Amino acid sequence: MKVLPDESVPRRLASFFPEPLTLRTVQEMGWAGTPNGLLLSRAAAENFKALVTVDRGIEHQQNISALPISIIIMLAPRNRLAELQPLVPKVVSLLSVCLEKRIYHVT
């Protein structure tokens, strides 16, 4: 399953996700600086199943009923690897079920 960590997620966090998940960062895809709506469309076109982000504002910027892929928001006090890494197992567990095209919160 292809998963896209957003620019707001530390790149090193990708190493904590197990196979068979395939994580490609926004930077690796050449999409740095892309607005969220366009980013979601591009991700869907490249067969990504979910965007993983820490951007809490994304759910207020998107038309929830028309999402092209799932969005998983990691809710941590700060955007630091040490605080996000404990949330990875919960994200992986969520990715292991059939995701609907909606927003999920992981705490």
Taking Rh as the Kirkwood radius computed over C-alpha pairs, what is the Stokes-Einstein D of segment 41-107 at 20 °C in a medium of viscosity 1.002 mPa s, expressed in µm² per second? 172
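Roughly how many percent of the accessible protein surface of the chain is carbon and sulfur, given a 1.4 Å probe and a whole-percent answer?
On the way: 2900 of 5780 Å².
Carbon and sulfur together cover 50 percent of it.
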Quickly estimate the mean residue ellipticity at 222 nm for the chain, helices only: each DSSP H run with n ≥ 4 gives -39500 (n - 2.57), and the total goes over all residues, rounded to 500. -6500 deg cm²/dmol
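Give, in nm to one decimal, the length gained when the segment between LEU81 and GLU46 is fully stretched (0.36 nm per residue of separation minus the Cα-Cα distance). Please list the in-between numbers first.
Working: separation 35, 0.36 × 35 = 12.60 nm, distance 2.66 nm.
In short, 9.9 nm is gained.
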Taking r as the C-beta separation of LEU99 and MET29 and R0 as 22 Å, the FRET efficiency to the nearest 0.05 is 0.65
As straight-line cross-link partners of LYS2, the qualifying aspartates and glutamates (C-alpha separation under 12 Å, not fewer than 8 residues apart within one chain) are GLU19, GLU46
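If we count every other residue with Cβ under 13 angstrom of LEU99's Cβ, Lys/Arg +1 and Asp/Glu -1, where does the sum land?
On the way: positive: LYS2, LYS49, LYS101, ARG102; negative: GLU100.
With Lys, Arg at +1 and Asp, Glu at -1, the net is +3.
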Give me the dipole magnitude in Debye, nearest 20, for the chain about the Cα centre, with unit charges on the beta carbon: positive for Lys and Arg, negative for Asp and Glu. 100
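The values are calculated or read from the model by the stated rules, or taken from the named source; none is laboratory data. Quick caveat, the model's predicted, so the values are computed rather than measured. Using ideal geometry, Cβ is built from the backbone for each residue, glycine included, and neighbour counts are taken over all protein chains shown. These accessible areas exclude ligands, DNA and RNA; they are computed on the full protein's heavy atoms, side chains included. Shrake-Rupley method; radii C 1.70, N 1.55, O 1.52, S 1.80 Å.
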